[in-house]
Each structure stands twice: as C-alpha cells, then as structure tokens.
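In what follows, a structure is listed as structure tokens, so that the remarks can point back to it.
The values are calculated or read from the model by the stated rules, or taken from the named source; none is laboratory data. None of the values given here were measured: they were computed from a predicted structure. All Cβ positions, glycine included, derive from the backbone under ideal geometry; neighbour counts span all protein chains shown.
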Amino acid sequence: MISAPVILASSSPRRKQLLELADVPFTVLTKEIDETFRPGLELSAAVADVALRKALAIKDAAGPDPIIIAADTIVVLNDWVIGKPANKGEAINILTRLQGNTHQVITGVALMKQGKELLFSECTEVVLHPLTPQQIIYYVEKYEPFDKAGAYAIQEWIGVVGIKKINGDFYNVMGLPVSRVLQELDQL
C-alpha cells in the first residue's frame, strides 16, 4: 500500500476513477500548462514530457513529500496525432477516420516521489470495427466525447459495440495504465 499522500495532477474523471478502483487515496491538484510538444521528441517521449510539466507545475503547492502522478494521453493514426475534438463535426470526422483502422493510444506518465522523477509511456493498439455513419452520429450526439483524445471513450457504448481488437493495457486507453503506475511507484 502507498504510505505517502498522493496527488493526482489531472482533472480527468477517468484517471480519478481508475485510482479509486485501485483503492489509492488521493487528492487532485492541477494547474494549466502549455501542452504543446517540444520539438525533436518522439511521440512517446513528448507525451511523457507533457506529463512531467503537469507534475512540476503543482510540485510547490503539493505539500511535503507527496507522491505526484501526472499523465497525458494522445491517439495516433499513422502519423496523425489526434487530440480532443473541438465540436461535433470534428468528432464525427475523427471517428470516421479511425473506424476499421489500427490506431495507437499513448499515455505518458510522470511520477514524482521524494525528489525522484520517473517518466514512462504506455502504448496500446486499438482496432475499431467499421461503423455506420448513423452509429458514429449516435455516439457523438449521445456521449459528447469532446473531452476525450480520439473522440471516444473505450468504457462507453462505442467501446462495447465498436472495439474489434485491443493489444495492450485496456486502462491505458481510458487514460492511465494504473497497474504499471502502481508497479513503478513500488520501484521508486
């Protein structure tokens, strides 16, 4: 079990849910940062770098010797890095392009404990079944996936009916590879 206070540097409801499922007591502390990728970094390093910047942004306000967990998630189709859709049309376009194709969900994680930093990224491959335009519109209108990278949440309707195959950590697709986070914390 974790003995130090844990701070989650994320307002993501899915990350909160995953830590709660793992029975990790935590508090949330966030600060807005520039999430632009630094030039010259590979995607897995760039997303971990964003997570580190999230952790560093709240470090001084986190109190004495906390464990800080920060994460950032992207969806990648070929060389297209897909963030959160700005509107309904963009969400429909993203899902239309993802369906029937293999895409990667990459989550970068930063862990900080007693002055030590650990960065890693986790990649999960996901394949969506071909979906009809009506299915895509239904999902976007009912679930409004505008706060989700890739315009979908695997734990919602689209995951139940639309996921053909997944290779990797299911919870990574939700936004936090929580099992690996806990294993890495034991090593810190």
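Could you tell me how many of the residues in the stretch 17-30 are assigned to a loop (DSSP other than H, G, I, E, B) and touching a residue at least 60 places away in the same chain (Cβ under 8 Å)? Qualifying residue count for the region: 2. Number of residues in the stretch 141-156 that are farther than 22 Å from E20 by Cα, acidic (D, E) and surrounded by 15 or more Cβ atoms within 10 Å (Cβ to Cβ) equals 0.
For the stretch 172-184, does any single residue satisfy the condition of being assigned to a helix (DSSP H, G or I), modelled with pLDDT of 95 or more and farther than 26 Å from I68 by Cβ? No, there is no match, as no residue in the stretch 172-184 is assigned to a helix (DSSP H, G or I), modelled with pLDDT of 95 or more and farther than 26 Å from I68 by Cβ.
When A149, A153 are screened for being over 20 Å from F37 (Cα atoms) and of a type in the set (G, A, S), only A153 passes. When you check I33 against the structure, is it without any contact (Cβ under 8 Å) to a residue 40 or more places away in the chain, surrounded by 15 or more Cβ atoms within 10 Å (Cβ to Cβ) and either over 13 Å from the mean Cα position of the chain (by Cα) or in a strand (DSSP E or B) (or both), yes or no? Yes; evaluated as a whole, the condition is true for this residue. All told, I74 meets the bar of being surrounded by 15 or more Cβ atoms within 10 Å (Cβ to Cβ) and under 22 Å from F120 (Cβ atoms). Does the stretch 55-63 contain at least one residue that is buried (at least 20 other Cβ atoms within 10 Å of the Cβ) and on the phi < 0 side of the Ramachandran plot? Within the stretch 55-63, one or more residues are buried (at least 20 other Cβ atoms within 10 Å of the Cβ) and on the phi < 0 side of the Ramachandran plot.
Against the conditions (1) in a loop (DSSP other than H, G, I, E, B); (2) under 26 Å from S10 (Cα atoms), P130 satisfies every one except (2). For the stretch 157-181, taking the residues that are of a type in the set (D, E, K, R) and buried (at least 16 other Cβ atoms within 10 Å of the Cβ), the one that is nearest to W80 (Cα to Cα) is identified as D169.
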